[in-house]
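The values are calculated or read from the model by the stated rules, or taken from the named source; none is laboratory data. Please read these numbers as outputs of a predicted model, since none were measured by experiment. Ideal geometry is used to build each Cβ from the backbone, glycine not excepted, and the neighbour counts take in all protein chains shown.
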Amino acid sequence: MRYPAQRKVETKARILSVASRMFREGGAESNGIGSIMKKIGLTKGGFYRHFESRDQLYVEAVDLAFSEMGDRMLEAAKRARKGHELEAMIRLYLSKDHLNSPAAGCVISTLGSDIARQPVAIRRQINRSMRAYRDRLLPYMSGKTLEEKAATYSLLYPSMVGVLIAARTLGDPAAQETMLANARDSFIERYVRGTR
């Protein structure tokens, strides 16, 4: 049975969305094609109508994750008062909500070590998504020049990723919140208030 073109596009989008969330929540290795397809009510055989390989799914799912997180960060910046956009993004990234929602959050904080183990060709494709994410956030970074903004990003983003990963390893919610709050305050002081 042939699917109309629009239905095929919608099905691929559903597969990508579910895979992206499942990968971020439980890891890429523990979520195979069969479990992803089952989650949306389709057979494993139908997967290959939409993707050439699991690697293609992985790359596109990571790209979607970067896009979704970028949308959330930009939305926080747009809601912020003028001059407080970066502070709003820091607060969003280092929030209890983000901590407790890995399936909807930053892909590097959940799959970073997995991505690092991928073949070079896959990492290069993912690197394009990561650069696009960075480029979307750069206008809100502190600094007068593009180089200064890029330097801020290259320090701030991996620092926030590290804090989020470390906080997720703690078994005590109070200790998690303390770690997030201390990092938020420190980063806002350094990258927002310290530049005024």
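The table below lists the values:
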quantity: Single residue of Tyr93, Tyr58 found to be at pLDDT 95 or above, touching a Cys at 6+ places or on another chain (Cβ under 8 Å), of a type outside the set (A, V, I, L, M) and within 30 Å of Leu156 (Cβ to Cβ); calculated: Tyr93
quantity: Sole residue being among the small types (Gly, Ala, Ser) and touching a residue at least 60 places away in the same chain (Cβ under 8 Å), chosen from Ala104, Ala76, Ala61; calculated: Ala104
quantity: Residue count for the stretch 77-129, restricted to those that are in contact with a Pro (Cβ under 9 Å, 6 or more places away or on another chain) and farther than 25 Å from Val192 by Cβ; calculated: 1
quantity: Residue list for the stretch 53-76, filter: within 25 Å of Val192 (Cα to Cα) and surrounded by 14 or more Cβ atoms within 10 Å (Cβ to Cβ); calculated: Phe66, Ser67, Glu68, Met69, Gly70, Arg72, Met73, Leu74, Ala76
quantity: Any pair with Cβ under 6 angstrom, 6 or more apart, that starts in the stretch 149-178 at a residue that is crowded, with 19+ Cβ neighbours inside 10 Å and ends at one that is among the hydroxyl-bearing types (Ser, Thr, Tyr) and outside any helix (DSSP H, G or I); calculated: Thr152/Ser142
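For (1) more than 19 Å from the chain's Cα centre (by Cα); (2) under 30 Å from Leu57 (Cβ atoms), each residue gets a yes or a no:
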site: Asn127; (1), (2): no, yes
site: Tyr133; (1), (2): no, yes
site: Leu146; (1), (2): yes, no
site: Leu155; (1), (2): no, no
site: Leu170; (1), (2): yes, no
site: Ala174; (1), (2): yes, no
site: Glu177; (1), (2): yes, no
site: Leu180; (1), (2): no, no
site: Phe187; (1), (2): yes, no
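Yes or no, residue by residue, for (1) among the basic types (Lys, Arg); (2) modelled with pLDDT of 95 or more; (3) part of a helix (DSSP H, G or I):
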position	(1), (2), (3)
Arg7	yes, no, yes
Gly41	no, no, no
Phe66	no, yes, yes
Gly70	no, yes, yes
